[in-house]
1. Out of the helices (runs of 4 or more DSSP H) lying entirely within segment A:85-146, which hold 2 or more residues that are surrounded by 21 or more Cβ atoms within 10 Å (Cβ to Cβ) and at pLDDT 90 or above?
2. How many residues are of a type in the set (A, V, I, L, M) and facing chain A (nearest Cβ under 9 Å) when one looks only at segment B:103-128?
3. Going through segment A:210-220 one residue at a time, which ones are more than 10 Å from chain B (Cβ to nearest Cβ) and in contact (Cβ under 8 Å) with a residue 12 or more places away in the chain?
4. Condition test on A:Ser178, is it under 30 Å from A:Arg21 (Cβ atoms) and of a type in the set (Ser, Thr, Tyr)?
5. Return the pairs, sorted by first residue and then second, in which the second residue is surrounded by fewer than 22 Cβ atoms within 10 Å (Cβ to Cβ), the first residue lies in segment A:1-23 and is β-branched (Val, Ile, Thr), the beta carbons are less than 7 Å apart, and the residues are 6+ apart or on different chains.
6. Which members of segment B:67-126 meet the condition of being charged (D, E, K, R) and either surrounded by 15 or more Cβ atoms within 10 Å (Cβ to Cβ) or part of a helix (DSSP H, G or I) (or both)?
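The values are calculated or read from the model by the stated rules, or taken from the named source; none is laboratory data. Values in this document were obtained by computation on a predicted structure and should not be read as measured data. Heads up, the Cβs are rebuilt from the backbone with ideal geometry, glycines too, and the neighbour counts pull from every protein chain shown.
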Amino acid sequence: MSVVDRIDRIDLWFFPAGTLRRYRAVRTGLAVVIALRLSLGSYPRVGGLPDPLFHPRGIVALLFDSMPPRGVLVAAQVIGAGLAWLAVARVRPRLTFPLAWATLLVLAGLKGSLGKILHNDVLVLVASLPFVLGPRERPADRVDPGRPTRRWGWAPHAALVIVALLYCATGLQKLRHSGIEWVTGDNTRWVMVQGAASGRAPTTGIALFVAERAWLAHVVAASFLLLELTFPIVLVVRRARPFYALGAAALHVGTWLTLGLDYWGWVLVVAIVLMAGDGRWRSGRGPVGTSRRTARGAGHGDRPAILGALRA
Amino acid sequence: MTATDPAATLPEATAPAEGQPPWWARPLVAAIVALLVWCVAFGIEAWPFSALRLFSEVRTGTTRGWRVEAIGPDGSARAFPFADVPRSMRSPLWALNGMFSQSPPERDAVCDAWIAAAAREGHDIAYLRVYRTTAEAATPGTPPKPVAQALRWTCGSGAR
């Protein structure tokens with residue numbers, strides 16, 4: 001296989017054919033998550049924070065020198081939530097989705113400007129990036145929204161890659177900073193005990209139940225780490241996606257019950273990105289939205305013009 | 001295109017140019033993946049990208065915390081009334097952790113902000129003392145016992 005062929009294959013894998021139906025399903029699903037986060041979040045709580053306590057990061061640091069007043073944050077939240085729900089209803093989604101996304105980006109970023117980034121909204125924001133600049137739906141696209149084409153396949157697949165990378169990276173960071181002791185030591189037992197003592201969890205019974213049984217704590221730790229490290233399997237084994245969606249749900253529901261951590265947005269994003277609009281997760285392997293054979297068949301007429309010129 | 005090229009038999013709407021991702025898709029995806037990897041590899045927190053260090057440190061029975069003491073004009077000491085300040089200022093953990101890397105004037109500014117917020121609720125505070133506390137539990141499940149408390153900073157304009 002020549003170098004050009006290899007590049008061609010990699011490009012086809014990263015930017016596969018997919019259907020407009022799946023594109024719409026994933027974008028709408030992500031819009032639902034953004035709408036719910038904006039509708040239910042307590043972002044205005046940080047309004048009016050004094051400057052010495054304001055520590056913005058990333059893009060928020062570029063936009064703000066000081067925390068806006070609470071009234072401004074409330075207004076932004078109301079408007080952003082409205083835009084998000086319009087995006088859910090597919091009203092001018094190429095306009096409403098990016099505006100709602102930008103609102104959540106700013107509000108969540110401001111909420112995380114107290115000295116530590118809050119990760120609750122990281123997954124929905126980063127996984128939504130491929131959809132912020134969406135291609136325009138042309139009449140030919142609407143005639144058959146179930147026809148695979150690379151115009152619509154790349155964004156849901158990019159979101160899938162992002163989700164898989166995020167989870168895998170989270171697991172790698174545990175190994176990097178703690179080593180296997182993260183599983184084999186008493187780490188999980190201490191996390192449970194300290195979580196129970198924090199007063200944030202809805203119940204202390206589950207955390208203490210795990211903490212009192214060393215074998216169970218090791219099993220929990222190993223399961224969570226294994227889930228995170230092997231998440232990229234969803235990129236090549238479509239049948240695994242429902243199990244990883246369930247696994248992610250179990251992980252985040254578990255951390256809510258034991259530690260009081262609010263990651264329901266992550267549960268929804270995983271389910272949406274892994275399975276929305278793609279009924280073929282029951283069979284086959286290969287890029288999202290199509291089997292590898294179909295991707296080759298649909299993609300043959302869609303080869304990158306650059307690489308086609310190189311091979312001519 | 002040749003007569004045997006499948007693309008030659010496709011309808012015009014599915015010609016290669018129509019089926020391509022937008023021209024900006026490849027640079028966009030490359031930039032996202034690169035930023036993700038860069039932040040994780042180098043521990044960068046650049047919202048919305050993150051180093052993703054979620055519970056990445058091993059926990060032990062030793063827990064460290066903070067205690068903030070409010071000193072009145074008459075020298076009396078009591079716990080700082082965090083419950084009376086605005087909600088955005090009631091969780092001082094991150095602000096206190098950040099004080100390690102701040103200069104004395106910056107720490108004074110933080111403390112003055114808390115003092116001013118408390119003053120609006122009727123508390124008369126001259127300055128603050130910030131203590132670093134350490135507690136240890138022998139085994140998971142046993143209550144932690146305080147083992148050390150060290151005065152780290154005296155801050156606020158009233159302390160000078």
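1. A:93-111, A:122-132
2. Quick first cut of segment B:103-128, residues of a type in the set (A, V, I, L, M) only: B:109-110, B:113, B:115-119, B:125-126, B:128.
From what's left, facing chain A (nearest Cβ under 9 Å): B:109-110, B:113, B:116-117.
So the count comes out to 5.
3. Of everything in segment A:210-220, those that are more than 10 Å from chain B (Cβ to nearest Cβ) and in contact (Cβ under 8 Å) with a residue 12 or more places away in the chain turn out to be A:His218, A:Val220.
4. When the stated conditions are applied, A:Ser178 does not pass them.
5. Close Cβ pairs satisfying both conditions: A:Val4/A:Leu307; A:Val4/A:Leu310; A:Val4/A:Arg311; A:Ile7/A:Leu307; A:Thr19/A:Pro145; A:Thr19/A:Gly146; A:Thr19/A:Arg147.
6. Initially, segment B:67-126 is screened for residues charged (D, E, K, R), giving B:67, B:69, B:74, B:78, B:84, B:87, B:90, B:106-108, B:112, B:120-121, B:124.
If the condition is that a residue be charged (D, E, K, R) and either surrounded by 15 or more Cβ atoms within 10 Å (Cβ to Cβ) or part of a helix (DSSP H, G or I) (or both), then B:Arg67, B:Glu69, B:Asp84, B:Arg87, B:Glu106, B:Arg107, B:Asp108, B:Asp112 are the ones that fit.
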